[in-house]
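The block underneath contains the structure these notes are about, expressed in structure tokens.
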Amino acid sequence: MERLSIFDIYKIGVGPSSSHTLGPWKAANRFALGLVDKPITSLQVRLFGSLSKTGVGHGTDIAVMLGLQSFDPETIDTTNIDAYIQKIRTEKKLRITGADVDFNPALQIIYEKHALPYHPNALTFRAEIEGGDVVEETYYSIGGGFITQGKEKEGFIHINDLPFPVESGSDLIAHTETTGQPISGVVMRNELYLRNKDEIRAGVLRIFDTMLECVYQGCHSEGILPGGLNVKKRAKALCDRLLDGRQFDNIPDWLEAIKTSPHNFSTINKWISCFALAVNEENASLGRVVTSPTNGAAGVIPAVLMYYYCFCDYKGEDDILNFILTSGEIGCIFKKRATISAAVGGCQAEIGVSSAMAAGALTELLGGDPEQVLMAAEIAMEHHLGLTCDPIGGLVQIPCIERNTMGAIKAITASHLAMEGNPKNAIVNFDMVVKTMWDTAQDMHEKYKETAEGGLAFNLPVVLPNC
């Protein structure tokens, strides 16, 4: 039985992309560990397929340089990233395992347009060692910050005696019927096999705090997004208008002001969009985000969770815990039975999955039963089927940022439909839509899979370096 933890789906890292930034960063971290005490005479990085075609736009070059220097994407001071990269480009040196190595990014990061057979997101590190030895490793970034070398899939845990093994939605429903527990309760009992209750709670709250900080920072940051498209940040201006220009210098006061703002449909709708914009503008700026299940879709779940937190019957931290548990398990099923990689399945694998995760979790918090939870997830994905990934200039900005607002709104709509519906009357079930998403991913033309060669990226061509 292959089992994923919710903490594999929810990872804290740096934007703009989980597959193109976080995954390569972690691969570089791992490769650097293998170079300890080895005197390096030369170093080369080769990017293949999607990592090459949209690598600069997604910060892949930045990620591998920081990863080789052993910076941790979860803890690095993101305000110093520009300075770190400028130093490398000026001095043409990387500090790897305590020693300076000659490295010119313009020459030693090589962009190969072809893909490797195993997966479209591939990168190869090659280090020559004093005396003539060579260390070479190829990694694949398979979506959501997961990496593999084509053998053991990182993040998967092979455990045969989990209390409630889950491979499908029908498995999940069967366990809730056996135990009388909601989906979050079943997931919690599996997570307790891997870590204790205090660790789970602390981990979930850290995820939520990171999301909240990201929303807050995005709502208080203005200017132009990096990358050359000259996209103007919008979240702060929208937040300021919704709060009538009132300013708050701490998160609790800011949240209280949002909670007491008008609760009419138009205002709430604008806040949901504001939350999603804020996260993905931070993501596009190499800010700290949580993969949900990816960086490109990182705004959907925080926006829906903030909607519940600010405008629904929020009852305390247990609600956050249950939301993350339920949504995380839905993400795990998509990861195991389909894909969460846009380079494999288009944007349906990112925004579609995140919307399904959010819809299901919101439904449980609103009082829906397990069947309604999966009904909501099914509805959300059903209306993202076929969504292509066509980032203009290879940047996670257009249409990616706005797509998070759409995913959040669809999630809430799907939840409300499920709450008013009867799952027994549903024609399409959750497992069917997961299979359909995977079938669609396999049928989709490669140019719509994060290559910047189709869709909006083709009809609005932007020439950026190495994109």
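The values are calculated or read from the model by the stated rules, or taken from the named source; none is laboratory data. Quick caveat, the model's predicted, so the values are computed rather than measured. Note that we place each Cβ from the backbone using ideal geometry, even for glycine, and neighbour counts take in every protein chain shown.
I need a count of the residues in segment 255-293 that are farther than 15 Å from CYS214 by Cα and within 14 Å of the chain's Cα centre (by Cα). Looking only at that region, the number is 1. Residues that are under 27 Å from the mean Cα position of the chain (by Cα) and acidic (Asp, Glu) within segment 85-126 comprise just one, GLU112. Scanning segment 107-121 for residues that are at pLDDT below 95 and either among the aliphatic types (A, V, I, L, M) or not assigned by TED's automatic domain parsing to the domain that holds THR21 (or both) gives ALA115, LEU116. Of the residues making up segment 71-82, at least one is in contact with a helix residue (DSSP H, G or I) (Cβ under 6 Å, 6 or more places away or on another chain) and of a type outside the set (A, V, I, L, M, F, W, C). Taken over segment 165-185, the criterion of being closer than 13 Å to LEU321 by Cα and among the aliphatic types (A, V, I, L, M) is satisfied by ILE183 alone.
For every residue, the table says whether it meets (1) touching a residue at least 12 places away in the same chain (Cβ under 8 Å); (2) under 23 Å from ASN283 (Cβ atoms); (3) outside any loop (DSSP other than H, G, I, E, B).
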{"position": "ALA356", "(1), (2), (3)": "yes, yes, yes"}
{"position": "LEU362", "(1), (2), (3)": "yes, yes, yes"}
{"position": "GLU371", "(1), (2), (3)": "yes, no, yes"}
{"position": "HIS384", "(1), (2), (3)": "yes, yes, no"}
{"position": "GLY393", "(1), (2), (3)": "yes, yes, yes"}
{"position": "VAL396", "(1), (2), (3)": "yes, yes, no"}
{"position": "ALA408", "(1), (2), (3)": "yes, yes, yes"}
{"position": "ALA411", "(1), (2), (3)": "yes, yes, yes"}
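Among the residues that make up segment 160-171, is at least one of them part of a helix (DSSP H, G or I), touching a residue at least 24 places away in the same chain (Cβ under 8 Å) and closer than 23 Å to LYS336 by Cα? Taking every residue of segment 160-171 in turn, at least one turns out to be part of a helix (DSSP H, G or I), touching a residue at least 24 places away in the same chain (Cβ under 8 Å) and closer than 23 Å to LYS336 by Cα. When ILE81, ILE76 are checked against the criterion of being in the same structural domain as ILE40 (by TED's automatic domain parsing), in a loop (DSSP other than H, G, I, E, B), within 25 Å of PRO293 (Cβ to Cβ) and in contact (Cβ under 8 Å) with a residue 24 or more places away in the chain, a single residue qualifies: ILE76. Within the option set GLY34, GLY23, being under 25 Å from ILE301 (Cα atoms) and of a type outside the set (Lys, Arg) holds for one residue only, GLY23. Of all residues in segment 253-266, those being assigned to a helix (DSSP H, G or I) and touching a Phe, Trp or Tyr at 6+ places or on another chain (Cβ under 9 Å) number 6.
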